[in-house]
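Trainee: Pasting a structure below so you can have a look.
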Amino acid sequence: MTCQQKQQIYNLLKTAADSVLGFRVKSFDTTPVFYDDPLPAPQNLQEQTDLHEPSLAAPAASSDHSSLDFSTVHSSLEDSICNLKNQISACSRCALAKTRNNTVPGTGSLKPVVLVVGEGPGFEEDRQGLPFVGPAGQLLDKMLAAISLSRSSNTYIANIVKCRPPQNRDPYPEEAEACSSFLQAQIALLKPKAILCVGSVAAKNLLKTEAGVSRLRGSFYQYHNIPVAVTYHPSALLRSQDLKRPAWEDLKQFRLKLLELCPDYESSCQSYVSH
Ligand code: URA
């Protein structure tokens, strides 16, 4: 079983205990750190040899090495992301740790063309431990689908803060600062081709600016050489119909940039998903 699966079962048990008993069970106060179960190595090697039997006639190491390298790259990336998720779930760097039900580290493709950065979890995200799963999340999924992006194929979704601010207020600067190394690590590990900041909290914290979305949208910025675009937060679009047209213009411009950076992203981006 992977650490993500263990974390999900733990989250379910915690939510179930909360709602059945109506109060927080003490033993759920500290989130444990989960690890992947180790693979039985000799059996795996045996399976690989069987699968690649014809290559026994070929020069010994080459094909074996390439397949080993490939899986090593993926498993170490997966391990690193999982490790980061464990660190996030054990984090108590700011006051949000005291009021959260679940941490919301992020989800999506581990080979993302795009990283979407939001603000922070809301009620539903805090309940499920997943980003953008409430009404704003449903709209975000539609916006992404309109430009051939999805969390199940080529996009990773994360937030500035990984714990819900009470009453969905904006995160305080010290909370965003305390959480910033997690997003930095996600970007360094996932190496997205481009970043889409949705909303001013994401843009201000990632780009270190005081400007709002209306000023920032329509241009590309750089974050460690990765192009960054800014558009309205889907919650803002749900509140104001007038923002839908400019947001659509932003998405069309973003799509053109993606086609420049990764011409076949719409058809051929490999699925590699972490839940
Ligand atoms: N709004 C955000 O900014 N992030 C979420 O994950 C959900 C709502």
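The values are calculated or read from the model by the stated rules, or taken from the named source; none is laboratory data. None of these values were measured; they are calculated from a predicted model. Neighbour counts are summed over all protein chains in view; Cβ atoms, including those assigned to glycine, are modelled from backbone coordinates with ideal geometry. Accessible surface is based on the protein model in full, side chains and every heavy atom, while ligands, DNA and RNA are left aside. Shrake-Rupley method; radii C 1.70, N 1.55, O 1.52, S 1.80 Å.
Trainee: Using a 1.4 angstrom probe with every protein chain in place, what is the largest-first accessible-area order of ASP242, ASP18? Let's see the in-between values first.
Mentor: Working: ASP242 125, ASP18 35 Å².
Order by accessible area, largest first: ASP242, ASP18.
Trainee: Still on this model: At a 10 angstrom cut-off on C-beta neighbours, averaged per residue, how do the peptides 232-239, 88-95 rank from highest to lowest? Don't jump to the answer; show the numbers that get you there.
Mentor: Values: 232-239: 19.0, 88-95: 16.9.
Averaged packing, sorted descending, gives the order 232-239, 88-95.
Trainee: Additional query: Rank-order 176-186, 112-122, 249-259, 198-208 by packing density, defined as the average count of other C-beta atoms within 10 Å over each peptide's residues, highest first. The partial results should precede the final answer.
Mentor: Values: 176-186: 18.7, 112-122: 25.7, 249-259: 16.2, 198-208: 21.8.
Peptide ranking by packing, descending: 112-122, 198-208, 176-186, 249-259.
Trainee: Also, I was wondering about something else. What percentages make up the Cα-Cα pair-distance distribution of segment 160-208 when the bins are 10 Å wide from 0?
Mentor: Reading upward from the zero bin: 24, 57, 18, 1.
Trainee: Quote the charge dipole size of segment 87-166 about the Cα centre in Debye, to the nearest 20; the model charges only the Cβ of Lys and Arg (+1) and of Asp and Glu (-1). Working shown, then result.
Mentor: Numbers: 9 positive and 5 negative charges, 43 e Å.
Result for segment 87-166 is approximately 200 debye, rounded to the nearest 20.
Trainee: Taking only protein heavy atoms and a 1.4 Å probe, what accessible area per residue, in Å², does segment 105-190 have with all protein chains in place?
Mentor: Numbers: 2960 Å² over 86 residues.
Accessible area per residue, segment 105-190: 34 Å².
Trainee: Given points 7 Å out from each Cα along the Cα-Cβ axis, report the SER76 to SER180 separation in nanometres with one decimal.
Mentor: 2.9 nm
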